[in-house]
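Notes follow once the structure below has been shown.
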Amino acid sequence: MSENTPPAIPVPDYKPVERFWPYVDLPEQPTPEELASLHPELAEALFGTPKLPFSISLEFSPFDGADYDRALEMARAAADYRELGAGAALRHRARFYPENVLALRDLFELVGRFDSTDVLVDDKPVPYARELWLPLVWMLIR
């Protein structure tokens, strides 16, 4: 061995993976399903206010009773239905447009008796939504 001979380097039996992030295959842009499942307030903050017509949404928690299954069925039949949260924090949100005012009233008759039910006008809590906005919308019933 001469002075110019490089030292022997042990060669490993395997080649290490050169990944630094475990999720390399993630797309750079969210899928349409991921965008649709965003909370409305987060979607508005990220992408601005969408151009939607006037709407009233009912947001309610699960409750005990025979009317719960019927309320879920009516909420899922709304123009837009989402489940927010999970477990004990689960909330159901159903959006109704003026042409579906009868369905809105029918669902409110089931879930409106609970204090945890929120009425949202264009996805925002508005003062006197129960006492003023809902009766004004029910005037559309003919």
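Within region 81-100, count every residue that is among the hydroxyl-bearing types (Ser, Thr, Tyr) and under 15 Å from the mean Cα position of the chain (by Cα).
Taking region 81-100 and keeping what is among the hydroxyl-bearing types (Ser, Thr, Tyr), we get 81, 97.
Filter once more, so that each one left must be under 15 Å from the mean Cα position of the chain (by Cα): 81.
The total comes to 1.
Filtering region 39-63 to residues that are among the hydrophobic types (A, V, I, L, M, F, W, C), within 28 Å of residue 140 (Cα to Cα) and under 14 Å from the mean Cα position of the chain (by Cα) leaves 58, 60.
Looking at 66, 78, 36, 103, just one residue is small (Gly, Ala, Ser), within 19 Å of the chain's Cα centre (by Cα) and modelled with pLDDT of 80 or more, and that residue is 78. Just need a number here: residues in region 122-136 that are within 18 Å of residue 103 (Cβ to Cβ) and of a type in the set (A, V, I, L, M). So the answer is 3.
Tell me yes or no: at least one residue of region 110-117 is surrounded by 13 or more Cβ atoms within 10 Å (Cβ to Cβ), under 27 Å from residue 35 (Cα atoms), over 16 Å from the mean Cα position of the chain (by Cα) and at pLDDT 90 or above. The answer is yes, given that some residue of region 110-117 is surrounded by 13 or more Cβ atoms within 10 Å (Cβ to Cβ), under 27 Å from residue 35 (Cα atoms), over 16 Å from the mean Cα position of the chain (by Cα) and at pLDDT 90 or above.
The values are calculated or read from the model by the stated rules, or taken from the named source; none is laboratory data. In this text, all values refer to a predicted model and were calculated from it rather than measured experimentally. Ideal geometry is used to build each Cβ from the backbone, glycine not excepted, and the neighbour counts take in all protein chains shown.
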